[in-house]
Amino acid sequence: MVIAPHMLAGTAVAANFERLKMKTPKNLQWLIYAGACVAAVISHLVLDRIPHPHYTIHENYFTGAISLSLDFAAGLTMLFAIFAICNNRSSIEKQAPGLAPTKLVFDWKISQTYISFWMFWLSIFFCLLPDVFVTLSLKIKTIGWLNQITYWHNLNHTTVFLTGVLGWSIQLVAVMVLWQVLVKFVLSLYKEKIFQYRVSVF
């Protein structure tokens, strides 16, 4: 998969572990963060089993770097768009329950309303970490443990690399499914945080 679907999956992991963190004593919350990191890596490996096309960076590092940057930017844009949509929907529902959103409120800080800073960025980092190792191993071939990680990563990875419309359609479907799942998780997390706040106040 390209980066964007992995980022959506990693954030879905973060949203679920954020809910667990809310119910965990502070002295044990490091276990929740550790679990989120492991689950984010697993989400990457699961998505890599799906047949898909991909772009290469080792043939031309300049064009590869541009592709990676655009891919990462697209993933971040989708994530914050989801947070903005959820924030707008939640605000409207407080005023008129069941009313569909009529406008998009975009704010880069909205994400922290739902998922804490470290939970969000750690999950993003670890969901991309397997590809980071693979990229480094292409550049640095003398580190044994890095080559071993790359070997096992490639062993897990699908060997069916689809091209053309079919291949990119699979990527698009994955993004659409993950989008819907993440919206559901984020809205559910928001409701739990509101409930917890009301309980603490009253």
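Provide a single number: the residues in the stretch 113-169 that are free of Cβ contacts under 8 Å to residues at least 40 places away in the same chain and either in contact with a strand residue (DSSP E or B) (Cβ under 9 Å, 6 or more places away or on another chain) or of a type in the set (S, T, Y) (or both).
Summing the residues that are free of Cβ contacts under 8 Å to residues at least 40 places away in the same chain and either in contact with a strand residue (DSSP E or B) (Cβ under 9 Å, 6 or more places away or on another chain) or of a type in the set (S, T, Y) (or both) in the stretch 113-169 gives 6.
I need a count of the residues in the stretch 125-140 that are surrounded by 11 or more Cβ atoms within 10 Å (Cβ to Cβ) and farther than 21 Å from H6 by Cα.
Looking only at that region, the number is 0.
Against the condition surrounded by fewer than 17 Cβ atoms within 10 Å (Cβ to Cβ), modelled with pLDDT under 75, not in a helix (DSSP H, G or I) and not β-branched (V, I, T), how does K103 come out, does it pass? Let's see the steps before the verdict.
Numbers: surrounded by fewer than 17 Cβ atoms within 10 Å (Cβ to Cβ): yes; modelled with pLDDT under 75: yes; not in a helix (DSSP H, G or I): yes; not β-branched (V, I, T): yes.
Against the criterion (surrounded by fewer than 17 Cβ atoms within 10 Å (Cβ to Cβ), modelled with pLDDT under 75, not in a helix (DSSP H, G or I) and not β-branched (V, I, T)), K103 qualifies.
Quick one: which of A34, A15, A4, A39 is within 30 Å of F161 (Cα to Cα), out of contact with any Asp or Glu (no Cβ under 7 Å at 6 or more places or on another chain) and either among the small types (G, A, S) or buried (at least 19 other Cβ atoms within 10 Å of the Cβ) (or both)?
Working: A34 fails: within 30 Å of F161 (Cα to Cα); A15 fails: within 30 Å of F161 (Cα to Cα); A4 fails: out of contact with any Asp or Glu (no Cβ under 7 Å at 6 or more places or on another chain).
Every option except A39 fails the conditions.
The values are calculated or read from the model by the stated rules, or taken from the named source; none is laboratory data. Please read all numbers here as calculations on a predicted model, not as lab measurements. FYI the Cβ positions are ideal-geometry reconstructions off the backbone, even for glycines, and counts take in every protein chain you see.
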